[in-house]
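The values are calculated or read from the model by the stated rules, or taken from the named source; none is laboratory data. The shown structure was predicted, so the numbers you read here are calculated from the model rather than taken from an experiment. Reconstructed Cβ throughout: ideal geometry from the backbone, glycine too, with neighbour counts over all protein chains shown. What goes into the accessible areas is simple: the full protein's heavy atoms, side chains included, and nothing from ligands, DNA or RNA. Shrake-Rupley method; radii C 1.70, N 1.55, O 1.52, S 1.80 Å.
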Amino acid sequence: MNVTVVGTGDMGRALVRALAPHHRVRWTGRSVDVTEGRLEELGLRGRVEAAELASALDADVVVLALWHRHAREFAREYAEVLAGKVVVDIANPFTEDFEDFFLPYDTSAAEELQKLLPGSVVVGAFKNTFVAVFDTPQFEEGASDVLVTCDDVHARTLVSALLAPLPFRVLDAGLLRNNRVIERMTLLSREVGRRHGFTRRLSYRLLGASRSDR
Ligand SMILES: NC(=O)c1ccc[n+]([C@@H]2O[C@H](COP(=O)([O-])OP(=O)(O)OC[C@H]3O[C@@H](n4cnc5c(N)ncnc54)[C@H](OP(=O)(O)O)[C@@H]3O)[C@@H](O)[C@H]2O)c1
């Protein structure tokens, strides 16, 4: 599958590293030189293409590894180019001090992005996966869960298939509006983790046996 990751920060890096062995990945950001440099650091030159933004968005799936505020700006600017594409949103709408969200309870970052991209299909994923988890997604209790949400069942299935080779347990988590809870689960895990001295290698796994586990 053809996938483009936008953003060269912590999550962009982690996602490119995780996706590169399994898919044709292009990586883009505000500067192609920065992207090239990041590829060098990751030892992925030649395996992942550092692309200019304009050309990189021509992909089956575009993953936005951006803060929600920047994802909104990006969506406003590239809505036309992204029309007809599946856009993966990983953002949690944290306030500047990370103590709360700046969106009210009756919406989510994923839903707000979908409103700004009416011609695209927005899929939520990785909302609860702190970046440190990418190094070792396997916990004593099993693999960390990635909850995949979308209002279009086909796109949900497509992104679940894209993520299936990655070392996570990928779960269909239903409609986009479930991100009202899913995103706030991240806020809660951060607070509880801090109260109890957990490291930042923090994620969720729904305990219980699934049919495929048995
Ligand atoms: N970090 C985590 O543990 C974690 C876990 C789950 C979800 N998330 C979500 O993932 C998203 C990215 O988090 P992150 O930790 O990767 O953040 P980050 O390290 O700060 O990276 C964000 C990237 O956004 C890009 N960007 C685009 N427009 C920008 C602008 N106007 N100003 C500044 N940067 C801009 C930059 O890449 P370019 O310079 O290449 O454009 C920057 O490196 C957030 O929405 C967060 O909620 C993070």
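GNM on the chain, C-alpha springs below 10 Å: top fluctuator among S55, S144, S108? Result: S55 has the largest fluctuation of those listed. Take the convex hull of the alpha carbons in the chain; its mean projected area over all directions comes to 11.9 nm².
Tell me whether the stretch 95-214 comes out rounded, prolate or oblate; compute the Cα gyration tensor, take square roots of the eigenvalues as a ≥ b ≥ c, and use a/c under 1.5 as the rounded threshold. Note, shape of the stretch 95-214 comes out oblate.
Report, to the nearest whole %, how much of the accessible area of the chain belongs to carbon and sulfur atoms, 1.4 Å probe, protein only.
Within the chain, the accessible surface is 51 percent carbon and sulfur.
Around the amide H of R24, modelled in the peptide plane, lie the amide H atoms of V3, all under 5 Å away and 5 or more residues distant in sequence or on another chain.
Comparing V122, V81, V146 in a Gaussian network model of the chain (Cα springs below 10 Å), the most mobile by mean-square fluctuation is V81.
Each of Y204, A91, V5 was scored by the projection of its Cα onto the charge dipole of the chain, and the greatest displacement toward the positive side belongs to Y204; charges sit on the C-beta of Lys, Arg, Asp and Glu. For the stretch 72-161, the square roots a ≥ b ≥ c of the C-alpha gyration tensor eigenvalues yield an a/c of 1.5 or more together with a/b not exceeding b/c, which makes the shape oblate. Rounded to the nearest 5, what % of DSSP beta bridges with both residues in the stretch 2-195 are antiparallel? Around 15 percent of the beta bridges assigned by DSSP in the stretch 2-195 are antiparallel ones.
Our summary gives the stretch 79-125 a relative contact order of 56 percent, counting only alpha carbon pairs under 8 angstrom and 6 or more residues apart. Between S210 and F198, the modelled label-to-label distance comes to 2.0 nm, taking each label 7 Å out from Cα in the direction of the beta carbon.
Hey, can you find the accessible area per residue of the chain for me, probe 1.4 Å, expressed in square angstrom? Each step should come with its number before you reach the end.
Details: 10910 Å² over 214 residues.
With all protein chains present, the chain gives 51 Å² per residue.
The helix-only estimate of mean residue ellipticity at 222 nm for the chain, built from DSSP H runs of length n ≥ 4 each weighted as -39500 (n - 2.57), is -10500 deg cm²/dmol after division by the residue total. Springs join every pair of Cα atoms under 10 Å in this Gaussian network model of the chain, and among V153, V87, V170 the largest mean-square fluctuation is at V153. For the chain, the relative contact order is 17 percent, taking Cα pairs closer than 8 Å that sit 6 or more residues apart in sequence and dividing their mean separation by the residue count.
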